[in-house]
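The values are calculated or read from the model by the stated rules, or taken from the named source; none is laboratory data. Since we're looking at a predicted model, the values are computed, not measured. Reconstructed Cβ throughout: ideal geometry from the backbone, glycine too, with neighbour counts over all protein chains shown. The area values use the complete protein model at the heavy-atom level, side chains included, leaving out ligands, DNA and RNA. Shrake-Rupley method; radii C 1.70, N 1.55, O 1.52, S 1.80 Å.
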Amino acid sequence: MTLSAMDRHFGVMAEIHRLIRTQGVEEARRQAVNAHERAVVEAAYRVLSEETESIGFTYSGFALTSLPHKEQEEAVWRREGHNLTLILQSGADRKGQLVGLPYGSYARFILLFLQSEAVKTGSREIELGRSMQVWLGRMGLSIGGNSYRLVKEQAKRISVCRLTFFAGTGDAELLRNGGFVEGAITLHGNGEQPQLWQDRVMLDEAFYRALREHPVPVSEGALQAIGPRSMTLDVYIWLAYRLHALKRDQEVSWSALYGQFGAGFKRLRAFRAQFLDSLQLALAAYPEARVSLAENGITLHPSLPAIAKR
């Protein structure tokens, strides 16, 4: 797809909120020509239909770096964002065998729940029980059968991994060799009859402190509209962090976008097409966002926050 063709396609889908508001969702659905455009319409409609705003939170470090999208063979994951580097290391089980790095949408949603509850309650002790199971279900991640196995596996990986955030280009550490939680996140029951999460879990003290000092507010309605799409979740959180703080337009090059979001893509061209799809879905979930295509990347424009209530 040429830049001019991408620009036309992007421009049409960027108008989706106006189309739904003025002509209705059925007309927007009629104009959608493929599965991606239909997904964009449904995400935009879901967000516009929200009667109340529910706020969530994530650590700002995850607005500039991210977890893997797919399972990794390596035990160490390194990602760079704007003046920030994340090093994520796999933990080991009692036999000394590596359990692997957390990845994908399940890991992201588990962490989003924990971080949101910690900021809302002002405590690093998070009550789980049925609340986490209900919340994940509301986000489109039902727990049962194969999904039970996936959630349980990601919870285990989150429980034992270690992470470090480096600031700038030197060795200055924002968060040193910490974890996400103290202890383990466990789910009682089995795949056929999943029961409740354990009563509570404690966030790692250093991670909780970093989260409290640098939280990024996000819309839970937007997260629900995006659903289990890990790259789109990353792009949405990035936009929620960057856009409302801008004082002037900011162009971001394709190479910078590739460095932050392009893990798993061998070629920039393939990444660019996937990123634009993810960006359109993220913008559908963030009606106030103002983003346009540029010759060498995209341009971010100062925008209203992703969620009004702080």
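Results, tabulated for the structure shown:
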{"item": "Test result for Y208, buried (at least 22 other Cβ atoms within 10 Å of the Cβ) and either out of contact with any Lys or Arg (no Cβ under 8 Å at 6 or more places or on another chain) or part of a helix (DSSP H, G or I) (or both)", "result": "yes"}
{"item": "Long-range neighbours under 8 Å by Cβ, at least six apart or interchain, first residue under 15 Å from V181 (Cβ atoms) and in contact (Cβ under 8 Å) with a residue 24 or more places away in the chain within region 117-132, second open to solvent by 40 Å² or more (accessible area, probe 1.4 Å) and assigned to a helix (DSSP H, G or I)", "result": "A118/R212; R124/E205; I126/E117; E127/E117"}
{"item": "Matching option when the condition is open to solvent by less than 30 Å² (accessible area, probe 1.4 Å), closer than 17 Å to V134 by Cα and modelled with pLDDT under 90, among G221, G191, G227", "result": "G191"}
{"item": "So R108, is it crowded, with 21+ Cβ neighbours inside 10 Å, in contact (Cβ under 8 Å) with a residue 12 or more places away in the chain and of a type in the set (D, E, K, R)", "result": "yes"}
{"item": "Pick from region 73-101, criterion over 28 Å from S255 (Cα atoms) and in contact with a Ser or Thr (Cβ under 7 Å, 6 or more places away or on another chain), ranking: surrounded by the fewest Cβ atoms within 10 Å (Cβ to Cβ)", "result": "L98"}
{"item": "Residue in region 296-306 that is closer than 30 Å to E74 by Cβ, among the hydroxyl-bearing types (S, T, Y) and free of Cβ contacts under 8 Å to residues at least 60 places away in the same chain present", "result": "no"}
{"item": "Selected residue (only one of L112, L150 is under 19 Å from the mean Cα position of the chain (by Cα), closer than 29 Å to G227 by Cβ and at pLDDT below 90)", "result": "L150"}
{"item": "Selection count where residues are open to solvent by 70 Å² or more (accessible area, probe 1.4 Å) and part of a strand (DSSP E or B), scope region 232-277", "result": "2"}
{"item": "Pick from region 14-35, criterion part of a helix (DSSP H, G or I), open to solvent by 80 Å² or more (accessible area, probe 1.4 Å) and not acidic (D, E), ranking: nearest to L283 (Cα to Cα)", "result": "R18"}
{"item": "Residue within region 57-73 that is out of contact with any strand residue (DSSP E or B) (no Cβ under 9 Å at 6 or more places or on another chain), part of a strand (DSSP E or B) and in contact (Cβ under 8 Å) with a residue 40 or more places away in the chain present", "result": "no"}
{"item": "Any hit, region 235-245, residues being under 30 Å from S49 (Cα atoms), β-branched (V, I, T), modelled with pLDDT under 90 and within 19 Å of the chain's Cα centre (by Cα)", "result": "no"}
{"item": "Condition check for V119: over 25 Å from F265 (Cα atoms), of a type in the set (V, I, T) and either assigned to a loop (DSSP other than H, G, I, E, B) or touching a Phe, Trp or Tyr at 6+ places or on another chain (Cβ under 7 Å) (or both)", "result": "yes"}
{"item": "Every residue from region 127-138 that is surrounded by fewer than 23 Cβ atoms within 10 Å (Cβ to Cβ) and of a type outside the set (F, W, Y)", "result": "E127, L128, G129, R130, S131, Q133, V134, L136, G137, R138"}
{"item": "Within region 78-97, tally of residues that are at pLDDT 90 or above, more than 17 Å from D234 (Cβ to Cβ) and basic (K, R)", "result": "1"}
{"item": "Residue count, region 74-89 (criterion: more than 20 Å from the chain's Cα centre (by Cα) and in contact (Cβ under 8 Å) with a residue 40 or more places away in the chain)", "result": "0"}
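Okay, residues lined up against (1) under 15 Å from T232 (Cα atoms); (2) aliphatic (A, V, I, L, M); (3) open to solvent by 80 Å² or more (accessible area, probe 1.4 Å):
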site	(1), (2), (3)
E37	yes, no, no
E42	yes, no, no
S54	no, no, no
L64	yes, yes, no
P68	yes, no, no
E71	no, no, yes
